[in-house]
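*Asks:* So that we are looking at the same thing, I have put the structure below in structure tokens.
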Amino acid sequence: MKLKAMYSFLSDDLAAVEEELERAVQSEYGPLLGEAALHLLQAGGKRIRPVFVLLAARFGQYDLERMKHVAVALELIHMASLVHDDVIDDADLRRGRPTIKAKWSNRFAMYTGDYLFARSLERMAELGNPRAHQVLAKTIVEVCRGEIEQIKDKYRFDQPLRTYLRRIRRKTALLIAASCQLGALAAGAPEPIVKRLYWFGHYVGMSFQITDDILDFTGTEEQLGKPAGSDLLQGNVTLPVLYALSDERVKAAIAAVGPETDVAEMAAVISAIKRTDAIERSYALSDRYLDKALHLLDGLPMNEARGLLRDLALYIGKRDY
């Protein structure tokens, strides 16, 4: 099933969130800033985080006017992190389109990312809920810590598995967890449900990032919007790489990857990794996180949103692009 068909009953609400996102990225401080942010927004995306916000809110008193602020705030954080990622990784393409840093400059991209973070906090303030604002601010701090850790760990092929898991928790899982938590919190859901949804989002987020890291090796450039193996070429040591490093036949080839590695050499490394059991082992760990997430859903009230959260979690863990 296509992702959008999965939650078609939310299509009108998601369209309203999209309109609100366009308004949120506009800038009164100069047309270029708004143009750059709109350039990223119009590149598309799955809008996974707003969907989690809206579904989690169905366990409380659903009010689209309030939920729009939460959904927009979470998507703006995600967008900001992408802009900063592209600077760190010196990436020229994002979703098949030129990145902000490629179209304008590194400096301009960094300020655009900062602007989007600020807009996110501004949107959440509209709720008038200090706890929600604190959760969002803490999430931004953790996302930034994850970015710093990614820089520190570039081309560090001897890092332990726990370092990788901590990094993806901060960079990806916590933002999806916060989407679920804040959707329920803003809708006034009971605290046990808020907590359960937070952990559901956390485990789904871990599975989501591991699957992303697998697809960097198994997907095509057309599917990924960037060349396969881009993460490794940029020095990001992901789960398939860590598992493949335990195979002495490919360890030296992986450790030799650096900024000067050419396309042919990279293709050979990718093929070598795929010949190991690294992809299968990575999917196995992703499935473990996914199973934890699905188990948590059993404790939620039975409604349409619960079924859709299950479908969405399964899609995230099993997607092929």
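*Asks:* Per residue, how large is the accessible surface of the range 103-168? Use a 1.4 angstrom probe and give square angstrom.
*Replies:* Per residue, the range 103-168 has an accessible area of 54 Å².
*Asks:* With charges only on Cβ, +1 for K and R and -1 for D and E, what is the dipole size of the range 253-321 about its Cα centre, in debye, rounded to 20?
*Replies:* Approximately 240 debye in magnitude.
*Asks:* Got a sec? What order do Arg288, Arg306 fall in by accessible area at 1.4 Å, biggest, i.e. largest, first?
*Replies:* Descending accessible area places them as Arg288, Arg306.
*Asks:* Next question. Using a 1.4 Å probe on the protein heavy atoms, what percent of the accessible area of the chain belongs to carbon and sulfur?
*Replies:* 53 percent
*Asks:* Now for a separate question. May I ask for the longest run of the chain untouched by GluC sites (Glu not before Pro) that are loop-located per DSSP and have at most 16 neighbouring C-beta atoms (other than their own) within 10 Å?
*Replies:* Longest gap between qualifying sites, sites excluded: 127-259.
*Asks:* Still on this structure: What is the Cα coordinate range of the chain on the first, second and third principal axes, sorted by size from largest, in whole angstrom?
*Replies:* Computed over the Cα atoms, the extents are 57, 49, 32 Å.
*Asks:* Kirkwood-based Rg over Rh for the range 134-200 (C-alpha set), two decimals?
*Replies:* 1.10
*Asks:* Same structure, new question: Give me the dipole magnitude in Debye, nearest 20, for the range 150-306 about the Cα centre, with unit charges on the beta carbon: positive for Lys and Arg, negative for Asp and Glu.
*Replies:* 680 debye
*Asks:* So with the 1.4 Å probe, I'd like the accessible area per residue for the range 270-321, rounded to whole Å².
*Replies:* 51 Å²
The values are calculated or read from the model by the stated rules, or taken from the named source; none is laboratory data. What you see is a predicted model, and the numbers here were worked out from it, not measured in a lab. Glycine gets a Cβ as well: all are built from the backbone with ideal geometry, and neighbour counts include every protein chain shown. Remember, those area values only see protein heavy atoms, side chains included, never the ligands or the DNA or RNA. Shrake-Rupley method; radii C 1.70, N 1.55, O 1.52, S 1.80 Å.
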